[in-house]
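Notes follow once the structure below has been shown.
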Amino acid sequence: MTNPNTKDAVRVLVHGASGRMGQAVLRLAAERQDLRVVAAVSRGVPAQRVVDGVPQFAASELGGAPGFDVGIDFSLPQGFDPILALCLERGAAFVSGTTGLGENQRDALDVAARSIPVLSASNFSLGVAVLGELVERAAAMLRGWDCDIVESHHVHKQDAPSGTALTLGEFAALGGAEPRYASLRAGDIVGEHTVQFATAGERIELIHRATNRDIFARGALHAAVQLSSRAPGLYRLRDLIS
Ligand SMILES: NC(=O)C1=CN([C@@H]2O[C@H](COP(=O)(O)OP(=O)(O)OC[C@H]3O[C@@H](n4cnc5c(N)ncnc54)[C@H](OP(=O)(O)O)[C@@H]3O)[C@@H](O)[C@H]2O)C=CC1
Ligand SMILES: O=C(O)C1=N[C@H](C(=O)O)C[C@H](O)C1
């Protein structure tokens, strides 16, 4: 096992650090021996310059961040371009969970992957990774059935349909279905996705319910450590699950 005080620990920059996901990532990162958070970046200027030993930066100060091996991004599409550019400039790996990206931003990930290891995932939970496979198989076996993907999230979520719903839709399409989407924003729901297949007289529902953001943060940290030693390329979460 690596010692966090030696150069063996993977140096991580957390982007979107003040957010719901950023806070979960920082808390779980502090428990790990195999990585060390060297910078926490939020949009606004931080009230304190160091928190729990971690240097804090505003997005406008990104260029002044210390050396790092991998950037973990849970921000918003408005914050995405500068952090991807910094990872490219520094030759660092890039792990992003930010959803609602535009087409140009998705294209930029493909281009970046020629130079650095890149993983962009709409959902870092193991359960959703499995659900995707189930949806593809169900769609392939239920040709001609209606396929509807219904997602529910907290009232602060800005994008709709969720990134996960769109990813599940891609799996459904691989199986031959034509998915439709519906979104609900209510209370503090962490994230729920239902994929329904329906025909006359019967229907099947495949459901994933996230009740704690730690599942996403843990998956992103695991991916970050794995990705930091990989060759440049575009990776999927399943490539890094061991
Ligand atoms: N892939 C996955 O498994 C998951 C993905 N997500 C996605 O992660 C993202 C973040 O979600 P959540 O934590 O709930 O969001 P929050 O709104 O709680 O946090 C957003 C963070 O991004 C920062 N930020 C916003 N705009 C900018 C900008 N222009 N430049 C730099 N930083 C910026 C905010 O800083 P400040 O506080 O200073 O404004 C804050 O730190 C969303 O896209 C969400 O869909 C969420 C959960 C799981
Ligand atoms: O914004 C969120 O909260 C979440 N976003 C991701 C998405 O858009 O799918 C993942 C998860 O559902 C929580």
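Rule-based calculations on the coordinates, nothing more; no lab input. Owing to the predicted nature of the structure, the values given are computational and were not obtained by experimental measurement. In this analysis, Cβ positions are derived from the backbone assuming ideal geometry, glycine residues included, and neighbour counts consider all displayed protein chains.
Overview of results
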| item | result |
| --- | --- |
| Estimated FRET transfer efficiency (residue 230, residue 61; beta-carbon r; R0 41 Å; 0.05) | 0.90 |
| Highest average packing first - 54-65, 9-20, Cβ atoms within 10 Å | 9-20, 54-65 |
| Local net charge near residue 160, Cβ-Cβ under 12 Å (Lys/Arg +1, Asp/Glu -1) | 0 |
| Principal axes of segment 126-210: Cα extent on each, largest first, Å | 36, 27, 17 |
| Dipole of segment 44-109, positive end: most advanced residue of 80, 56, 101 [Cβ charges, Cα centre] | 56 |
| Part-to-part distance (alpha-carbon centres) for segment 175-217 and segment 8-59, which is given in Å | 31 |
| Globularity ratio of the chain, using Cα Rg and 2.2 N^0.38 Å | 1.05 |
| Sequence ranges 203-213, 22-32, 36-46, ranked by mean other-Cβ count within 10 angstrom, highest first | 36-46, 22-32, 203-213 |
| Low-density loop cleavage sites - trypsin sites (Lys or Arg not before Pro) in segment 60-129, where at most 16 other Cβ are within 10 Å (DSSP) | 114 |
| Evaluated at q = 0.10, 0.16 Å⁻¹: base-10 log I(q)/I(0), Debye formula over Cα of segment 28-147 | -0.41, -0.87 |
| Relative contact order computed over segment 126-210 (Cα-Cα under 8 Å; 6+ residues apart), in percent | 38 |
| Percent of beta bridges antiparallel (DSSP, segment 126-210, rounded to nearest 5) | 75 |
